[in-house]
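Visitor: Below is the structure I would like to discuss, written out as structure tokens.
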Amino acid sequence: MSYDERALIDYVTQQRWYGAKSRGVTHAQVLDSAVLRTQEPQLALALVEVRYETGAHDLYQLLVSSREGEPELNGLSEDPSLARELVSAMRSGLTVQSTEGAVEFRHVEGFAGLERELGAARMIEAEQSNTSIAFDELILKAFRRLEAGINPELELLRFLSDRGFPNVAALGGWYAYSGGPLNATLGILQEVVPDAQDGWELALDALAADPELFLARVRRLGEVTGELHTALGSEQNDPAFAPETPSVETLGLLTATVDEEIANVFLSLPDDDERIEPIAGRGEEVREQLRLLTHGGTIGKAIRIHGDYHLGQTLWSRDNWTIIDFEGEPARSLTERRRKRSPLRDVAGMLRSFAYASIAAGLLRGADVPDDWEPRAREQFLDGYLAAVDQSLLPNGPVGIERLLTVFELEKAVYELRYELDNRPDWVGIPVAAIRRLIESAAPAP
């Protein structure tokens with residue numbers, strides 16, 4: 001399969017899942033391809049390397065359709081029904097030979113969703129970095145930017161499914177490439193969670209209508225999170241999942257990384273900006289609090305975690321929570337996303353999400369949020385979490401837990417400050433308030 005290079009560059013760079021829009025592209029080529037459907041419209045899978053002016057490069061998965069005499073590239077966004085071919089290939093366990101390797105389609109034995117007829121296909125418009133297509137009861141996610149190795153979403157879903165963890169959307173199948181360019185996960189198939197509401201939207205709606213309604217559900221979210229971490233920390237024999245005791249050097253590296261980020265952010269803060277006035281000139285104070293928090297502390301166990309945990313990664317359905325999107329932070333490399341970390345990183349991410357919800361409900365819904373809503377949400381979540389999680393995964397005692405959790409919240413808030421200054425100036429006050437609170441109420445030394 002070959003395409004005009006200019007047409008290939010134009011097509012890839014115009015897609016919503018293309019992640020390097022600020023970079024200049026110098027070259028693009030198809031490294032390998034496979035025909036998945038021979039009847040018209042044909043469906044082909046291509047691995048495309050895109051090179052940039054900096055010398056760096058990315059590898060993308062293209063799923064393109066064509067008809068005889070049709071000069072233009074067309075993808076699943078133009079004809080999502082072609083995704084049925086991918087699901088059918090999983091159902092039959094198909095292996096398709098490519099020029100340089102093979103594309104393997106596999107399904108989970110006994111998965112009932114593949115025994116039913118597929119409904120009409122529709123694009124999930126909210127998806128940004130990948131392509132997701134929903135049928136009536138199934139959802140297919142195609143990973144677009146590829147890296148060598150198993151995608152953590154497939155890895156974690158298989159692990160949790162094998163152990164019967166109930167609070168995830170059941171994994172039905174996957175497809176992967178192996179060959180000369182790399183070995184990589186290409187996509188997964190999951191069940192659709194019935195009657196589900198996105199956790200972020202649910203929180204904003206509740207804060208605008210009945211703040212107590214969401215608080216009543218937050219303890220259960222904490223319990224589910226604790227049960228998730230307990231499951232992920234339960235394997236002793238699989239090296240990819242067995243809990244590890246971090247070294248003293250690990251905690252030192254964490255401190256140094258956060259310290260460097262604090263220094264860089266505070267150096268770049270704008271002068272005479274009233275939005276950041278509560279923390280202006282307090283960079284050294286923040287760094288000193290960090291050193292006090294991590295001095296002589298313990299980190300508990302390092303396990304596989306969600307890695308990008310917030311309300312938008314949860315669904316509320318039939319009086320329970322489902323956790324979704326186990327890919328990890330998109331900006332991190334696949335190797336980093338598979339690294340074991342303290343489960344309190346996930347907890348800190350969710351606590352920060354409550355802070356965002358309490359402010360965003362006013363900005364986006366015009367809600368008058370009670371001042372005590374965020375601290376009450378934090379308390380409910382942490383009570384549920386600590387009651388459900390395997391305590392051996394955490395630092396010893398409540399002070400140790402609070403200290404490490406504060407470090408992760410501080411790390412998250414400093415990252416948020418940089419992001420909001422660059423992208424959403426009206427939201428800068430959210431991380432500023434967090435940093436100020438963390439400076440003034442950091443856990444005391446024992």
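The values are calculated or read from the model by the stated rules, or taken from the named source; none is laboratory data. Please read all numbers here as calculations on a predicted model, not as lab measurements. All Cβ positions, glycine included, derive from the backbone under ideal geometry; neighbour counts span all protein chains shown. Note: accessible area is taken over every heavy atom of the protein model, side chains too, but ligands, DNA and RNA are not part of it. Shrake-Rupley method; radii C 1.70, N 1.55, O 1.52, S 1.80 Å.
Visitor: Let me confirm something: among Glu235, Glu260, Glu227, which residue is out of contact with any Gly (no Cβ under 7 Å at 6 or more places or on another chain), open to solvent by 60 Å² or more (accessible area, probe 1.4 Å) and closer than 30 Å to Asp319 by Cα?
Guide: Numbers: Glu235 fails: open to solvent by 60 Å² or more (accessible area, probe 1.4 Å); Glu260 fails: closer than 30 Å to Asp319 by Cα.
Matching residue, one of Glu235, Glu260, Glu227: Glu227.
Visitor: Just the residues that are among the acidic types (Asp, Glu) and either open to solvent by less than 40 Å² (accessible area, probe 1.4 Å) or farther than 14 Å from Leu228 by Cα (or both), please, taken from the stretch 376-402. Please lay out each step first, then the result.
Guide: The first filter runs over the stretch 376-402 and keeps only residues among the acidic types (Asp, Glu), leaving 379, 383, 390, 402.
The answer is Glu379, Asp383, Glu402.
Yes or no, residue by residue, for (1) open to solvent by less than 60 Å² (accessible area, probe 1.4 Å); (2) part of a loop (DSSP other than H, G, I, E, B):
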position: Pro181; (1), (2): yes, yes
position: Ala184; (1), (2): yes, no
position: Ile188; (1), (2): yes, no
position: Asp195; (1), (2): no, yes
position: Leu202; (1), (2): yes, no
position: Asp205; (1), (2): no, no
position: Ala208; (1), (2): yes, no
position: Phe214; (1), (2): yes, no
position: Val218; (1), (2): yes, no
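Visitor: Also, quick follow-up: Any idea which residue in the stretch 414-430 is surrounded by the most Cβ atoms within 10 Å (Cβ to Cβ), counting only those that are acidic (Asp, Glu) and within 19 Å of the chain's Cα centre (by Cα)? Can you show your working first?
Guide: So the first thing to find is which residues in the stretch 414-430 are acidic (Asp, Glu), and the list is 416, 420, 422, 426.
When the remaining residues are screened for being within 19 Å of the chain's Cα centre (by Cα), the result is 416, 420.
Details: Glu416: 22, Glu420: 18.
Restricting to residues being acidic (Asp, Glu) and within 19 Å of the chain's Cα centre (by Cα), the top hit is Glu416.
Visitor: How many residues does the stretch 122-155 contain that are buried (at least 22 other Cβ atoms within 10 Å of the Cβ), hydroxyl-bearing (Ser, Thr, Tyr) and under 21 Å from Thr335 (Cβ atoms)?
Guide: Of the residues in that region, 0 qualify.
Visitor: Report whether or not Leu114 is surrounded by 19 or more Cβ atoms within 10 Å (Cβ to Cβ), outside any loop (DSSP other than H, G, I, E, B) and of a type in the set (A, V, I, L, M, F, W, C).
Guide: no
Visitor: Moving on to the next point. Report, ordered by the first and then the second residue, all pairs with beta carbons closer than 6 Å, sequence separation of six or more or different chains, a first member in the stretch 242-260 that is part of a loop (DSSP other than H, G, I, E, B), and a second member that is among the hydrophobic types (A, V, I, L, M, F, W, C) and open to solvent by less than 60 Å² (accessible area, probe 1.4 Å).
Guide: Every condition considered, the pairs that remain are Pro243/Ile303; Pro246/Ile299; Pro246/Ala302.
Visitor: Let me ask something additional. Of all residues in the stretch 357-372, which are within 18 Å of Val218 (Cα to Cα) and in contact with a Leu (Cβ under 8 Å, 6 or more places away or on another chain)?
Guide: Initial filter on the stretch 357-372 (within 18 Å of Val218 (Cα to Cα)): 357-361, 369-372.
Ala357, Ser358, Ala360, Ala361, Val369 - these are the residues of the stretch 357-372 that are within 18 Å of Val218 (Cα to Cα) and in contact with a Leu (Cβ under 8 Å, 6 or more places away or on another chain).
Visitor: Still on this structure, please answer the following. When you scan the stretch 434-446, how many residues do you find that are open to solvent by 60 Å² or more (accessible area, probe 1.4 Å) and at pLDDT 85 or above?
Guide: Selection size over the stretch 434-446: 2.
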